[in-house]
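J.: Quick one: the structure is below, questions incoming.
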Amino acid sequence: MGKSNQDLETRVILRSDADLTAWAFQIKNTVRGKGGLEILLGTKLRPTTAGAPRNSWDEKAGQIISLISNSIDRCQIPHVADIDDDPHAMWKRLHEMNSVSGLDRSSALWERFLFTRLDMEETNAMSTHVARLRGLRAELDARKETVTKTLFIVTLLRSLPQDEDSWDLFRQSVRSDI
């Protein structure tokens with residue numbers, strides 16, 4: 001998968017989500033040309049038994065890892081530093097972190113979780129409100145974004161009504177839920 005210096009200078013570097021489509025196109029085509037697309041996409045797994053097929057897989061995987069590593073900006077390195085031996089995992093993580101469904105999705109979930117407020121006009125049941133917060137927590141947990149018990153409790157308490165009228169409605173709602 002060797003490239004000339006000119007090729008390295010003109011390569012699309014993955015810096016942010018704005019580069020993802022062009023970067024992915026370039027990487028896939030480069031890897032396809034070297035017979036490693038199945039490894040990159042995770043459809044060809046590493047052979048379990050030693051021998052020529054595993055050696056060939058390891059060599060191609062190493063070339064793919066090198067290609068990916070040399071085509072990302074230093075701000076992307078922390079995303080893949082812990083998986084520098086698995087080209088498919090690197091590919092997947094970089095896509096996740098640079099797509100709308102990746103980091104942007106996580107940020108949006110955190111914002112919804114942290115700033116959800118109990119709206120007594122929308123729902124008068126505390127159980128519905130808690131279920132909404134638990135659902136957001138489950139989505140964050142599924143994305144490996146840890147919501148501690150303490151953070152959940154603090155967020156729940158902060159979501160309760162602040163003004164006196166809403167607080168009275170809230171208390172009545174809680175009494176009826178019990």
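J.: Using the beta-carbon distance between TRP110 and ARG54 and R0 = 30 Å, what value does 1/(1 + (r/R0)^6) give for FRET efficiency, to the nearest 0.05?
T.: So the FRET efficiency works out to roughly 0.10.
J.: Another one. For region 5-98, what is the largest minus smallest coordinate of the Cα atoms on each principal axis, given in angstrom and ordered from greatest to least?
T.: For region 5-98, the Cα extents along the three principal axes come out at 40, 28, 20 Å.
J.: Also, I was wondering about something else. Roughly how many whole Å is it from the C-alpha centroid of region 8-60 to that of region 128-178?
T.: 44 Å
J.: Still on this structure, I have one more. On average over all directions, what projected area in square nanometres does region 124-164 have, based on the convex hull of its Cα atoms?
T.: 3.1 nm²
J.: On a 0 to 90° scale, report how tilted helix 87-98 is relative to the longest principal axis of the chain, with both axes built from alpha carbons and the result rounded to the nearest 10.
T.: 40 degrees
J.: What longest region of the chain stays clear of GluC sites (Glu not before Pro) that DSSP places outside H, G, I, E and B and that have at most 15 other Cβ atoms within 10 Å?
T.: After excluding every exposed loop site, the longest remaining stretch is 1-120.
J.: How far apart, in nm, are the 7 Å Cα→Cβ label points at THR146 and LYS44?
T.: Reported label-point gap for THR146 and LYS44 is 3.8 nm.
J.: Kindly put SER107, SER159 in sequence by how many other C-beta atoms sit within 10 Å of each C-beta, fewest to most.
T.: Final ranking by Cβ density, sparse to dense: SER107, SER159.
J.: What Kirkwood hydrodynamic radius do you get for region 33-175 when you take the inverse of the mean 1/r over all pairs of distinct Cα atoms, in Å?
T.: When all Cα pairs of region 33-175 are included, the Kirkwood radius is 18.7 Å.
Bear in mind these aren't lab numbers, they're just calculated from the coordinates by the rules spelled out. For clarity, every value in this text was computed on a predicted model and none was experimentally measured. FYI the Cβ positions are ideal-geometry reconstructions off the backbone, even for glycines, and counts take in every protein chain you see.
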